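Following: one structure in structure tokens, then a few remarks.
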Amino acid sequence: MVEYKLIETAAVGIVTLTALNLLVKALSHLYKTFLRPAKNFKKYGKWAVVTGATDGIGKAYAFALAKKGKSILLISRTESKLQDVKKELEAKNYGVEVSYLVCDYSKFDKAAQDKVAKVVKELDVGVLVNNVGVSYRYPMYFMELTDNEVTNLMTMNIDSTVWMSRMVLPGMLERKKGAIVNISSASAMYDLPLLAEYSGSKSFIEKFSRALNAEYKSKGVTTQCQVPFYVATKLAKMRKALMVPTPSEFVALGIKWVGYDDCVVSPFLLHAIQGWILDILPSSFVSSVIMKMHLSTRKRGLKKDAQKTE
Ligand SMILES: NC(=O)c1ccc[n+]([C@@H]2O[C@H](COP(=O)([O-])OP(=O)(O)OC[C@H]3O[C@@H](n4cnc5c(N)ncnc54)[C@H](OP(=O)(O)O)[C@@H]3O)[C@@H](O)[C@H]2O)c1
């Protein structure tokens, strides 16, 4: 009887502490999103550079930063889309310059890096959004990826972030002001079977951001890793829902965190809450649930592939 009482008290204690912990996190998140003033981006270098800027989260960041007074260098793969986004941005009359550069980040070799560096190093870049990234077409076993897919994913998700950061850091450090934003993914937080390389590449982004922030924040340059769960974009192949914001909704919150020393953040509160709850659950349980979900998505993907080849 005494033992039972002790267990009951311990269980109530653990649940209460966990609930309090979640409440404190949520209050701090709400304060930082809605009450803390956003950074004054006019104090940063004139330009913001956004990779993967013609769609989804990248496009939304280009518009949000232009609205805050930053001139924008859009970098993406498809020239016609870059021209369209440039026109759309100019039509907003934010009084900023808009420029673009065509770059296929899946082929970001030394020659491509030099081409981008030549343009970027001429600009006083205050903000860099390393957004471009790719995932699998659908969840699959690592050995089902082609060698090309393996290389492209690493180049787009890791090399782009590392080399773009190296291009802007010297100028930012010289001016003692700069904000780098690296778009990671919730997939970095868990063991993600059937998306192993994607999840691994995004974990790299998180660790890289943490360490870079620790190296340079005292010199005026912050590096922040923003962690979306699902956002309604082409990449996610999802529509807007309660837990799935549009890119503009995600970025309207995300921009309020840019430049602060909150190194890893899920700006959309319902994403953050999902993360805190999943953190409490045993990782083997989370991983086995994800495996089941991904196996069923893989089955549908394989079926579609088979239909295409028929
Ligand atoms: N959406 C989500 O649910 C979600 C969740 C977690 C993390 N993320 C991360 O968020 C970032 C943005 O994703 P998103 O969902 O906004 O994607 P998206 O809507 O599909 O947009 C992708 C952007 O990247 C560009 N792009 C694609 N391949 C490129 C290449 N090889 N070289 C240069 N640019 C290229 C596209 O330009 P083109 O149109 O010219 O191809 C487009 O501007 C990614 O890093 C992704 O991993 C997204």
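Here are some conditions: (1) buried (at least 23 other Cβ atoms within 10 Å of the Cβ); (2) hydrophobic (A, V, I, L, M, F, W, C); (3) within 25 Å of residue 54 (Cα to Cα). Residue 192 meets all but one. Which one does it not meet?
(3)
Could you pull out the residue among 171, 126 that is in contact with a Gly (Cβ under 6 Å, 6 or more places away or on another chain) and not in a loop (DSSP other than H, G, I, E, B)?
Working: 171 fails: in contact with a Gly (Cβ under 6 Å, 6 or more places away or on another chain).
Just one listed residue meets the conditions, 126.
Any residue at all in segment 155-169 that's away from the ligand (no atom under 11 Å from the Cβ), in contact (Cβ under 8 Å) with a residue 12 or more places away in the chain and open to solvent by 70 Å² or more (accessible area, probe 1.4 Å)?
yes
Condition test on residue 19, is it aliphatic (A, V, I, L, M), within 26 Å of residue 265 (Cβ to Cβ) and modelled with pLDDT under 95?
Working: aliphatic (A, V, I, L, M): yes; within 26 Å of residue 265 (Cβ to Cβ): yes; modelled with pLDDT under 95: yes.
So residue 19 fits the description; yes.
Would you confirm whether any residue within segment 114-124 is within 15 Å of residue 199 (Cα to Cα) and either within 11 Å of the ligand (Cβ to nearest atom) or among the acidic types (Asp, Glu) (or both)? Full working, then the answer.
Looking only at segment 114-124, we keep the residues that are within 15 Å of residue 199 (Cα to Cα), and these are none.
Scanning segment 114-124, I find no residue that is within 15 Å of residue 199 (Cα to Cα) and either within 11 Å of the ligand (Cβ to nearest atom) or among the acidic types (Asp, Glu) (or both), so the answer is no.
Table: residues versus (1) loosely packed, with under 12 Cβ neighbours inside 10 Å; (2) more than 28 Å from residue 175 (Cα to Cα); (3) not β-branched (Val, Ile, Thr).
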residue	(1), (2), (3)
238	no, yes, yes
241	yes, yes, yes
245	no, yes, yes
249	no, yes, yes
255	no, no, no
262	no, no, yes
287	no, yes, yes
296	yes, yes, yes
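The values are calculated or read from the model by the stated rules, or taken from the named source; none is laboratory data. Note that the structure is a prediction, hence the values are computed from the model and not measured. All Cβ positions, glycine included, derive from the backbone under ideal geometry; neighbour counts span all protein chains shown. The protein model used for the area step is the full one, side chains on, heavy atoms only, and it has no ligands, DNA or RNA in it. Shrake-Rupley method; radii C 1.70, N 1.55, O 1.52, S 1.80 Å.
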